[in-house]
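Asker: Pasting a structure here, questions to come.
Derivation of every value follows stated rules applied to the coordinates shown; laboratory data play no part. Owing to the predicted nature of the structure, the values given are computational and were not obtained by experimental measurement. Methodologically, a virtual Cβ is constructed for each residue, glycine included, from the backbone with ideal geometry; neighbour enumeration extends over all protein chains shown.
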Amino acid sequence: MALKVLLNGSKGRMGHALASIAPEFGVTVCAAIDQGDDLPGSIGACDVVVDFSSHAATRALLEAAAANSKPVVLGTTGHAPAEKAELLKLAARVPCVWAGNFSVGVNLLFALTRRAARVLGEDYDAEIVEMHHRLKKDAPSGTAERLLEIILEERKLGAAAARHGRQGITGERKRSEVGVHAIRGGDVVGDHTVIFAGTGERIELAHRAGDRAIFARGALRAAQWVVAQKPGVYDMQDVLGLT
Ligand code: NAD
């Protein structure tokens, strides 16, 4: 039987991407919900809720999911840290995959970066380079921030070790530094490269996103996975068996 998905935020860019990818996964969209539609009245018929809408919608969505014991795939971003801590408690009442990036490739990049940072150690200078389209308003990207966090965790360094760009007489590079560089231009969906530069050799791990369908594919893979899980909050690393 095809998995029945309720799409929340169905009129948005991700909503459209999810609806067009769904047949590839043998998934049926049983309810397409956007602002003003009756989410509580429609949730009963679905096997799983997939949400890419607005952070302002998350509380009501999680309450409806808990009241109806429905698993959730939550891709919406933009929650303030205190708000997110509260919402995570609500989310844990059902099986919920919550990830800031649903791309399978980016999640593999996270795991490979952790492995490389662990194996290579501080003799290899770590630098992160990201490139996005000219309309992006923030820098560095959330994905670059996560890559930085992973390297800092593995090297037991604090946030002060991050070096955002360089200019002028910067002095020699410190061993503990982790450089982060944001390039902007054109219509680039999202490129991330992690460089580990040692003496006489250099390792580069790169991911290039060509289209937002990669997030939709990851989210539908998470939907198929989460329906068989116990209540709790999971991320894409769990879905892909990378933890
Ligand atoms: P979008 O602005 O194109 O679409 C959002 C849709 O949600 C709109 O149709 C809007 O009307 C609807 N919406 C707003 N409030 C709602 C509510 N209360 N109930 C139901 N629907 C509501 O945005 P998008 O590019 O589709 O992205 C949506 C969200 O997903 C954003 O938070 C974005 O950052 C996030 N996102 C996450 C990933 C990931 O991999 N986790 C990838 C892409 C986008």
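Asker: Please order HIS192, HIS207 by the number of other Cβ within 10 Å, starting at the fewest.
Answerer: Values: HIS192 26, HIS207 22.
Ranked by crowding around the Cβ, least crowded first: HIS207, HIS192.
Asker: Here's a follow-up. Whole-Hz Karplus ³J(HN,Hα) for the stretch 131-138, in order, using 6.51 cos²θ - 1.76 cosθ + 1.60 and θ = phi - 60°, x for Gly and Pro?
Answerer: 10, 9, 4, 5, 8, 5, 9, 10
Asker: Something else now. Looking only at the stretch 104-209, where both bridge partners belong to it, what percent of the DSSP beta bridges are antiparallel (to the nearest 5)?
Answerer: Here the share of antiparallel DSSP bridges comes out near 60 percent.
Asker: List VAL49, VAL119 from most exposed to least, where exposure is judged by having the fewest other Cβ atoms within 10 Å.
Answerer: In increasing order of surrounding Cβ atoms, one gets VAL119, VAL49.
Asker: Between SER176 and LEU135, 0.36 nm times their residue separation minus their Cα-Cα distance comes to what?
Answerer: 11.5 nm
Asker: Please report CYS30, CYS96, CYS46 as a ranked list, fewest other C-beta atoms within 10 angstrom at the top and most at the bottom.
Answerer: CYS30, CYS46, CYS96
Asker: How high is the relative contact order of the chain, in percent, counting Cα pairs under 8 Å that sit 6 or more residues apart?
Answerer: 24 percent.
Asker: Next up: So what is the relative contact order of the stretch 104-209, in percent, for Cα pairs below 8 Å that sit 6 or more residues apart?
Answerer: 40
Asker: Between the stretch 120-167 and the stretch 199-227, what's the alpha-carbon centroid distance in Å?
Answerer: After rounding, the separation between the Cα centres reads 18 Å.
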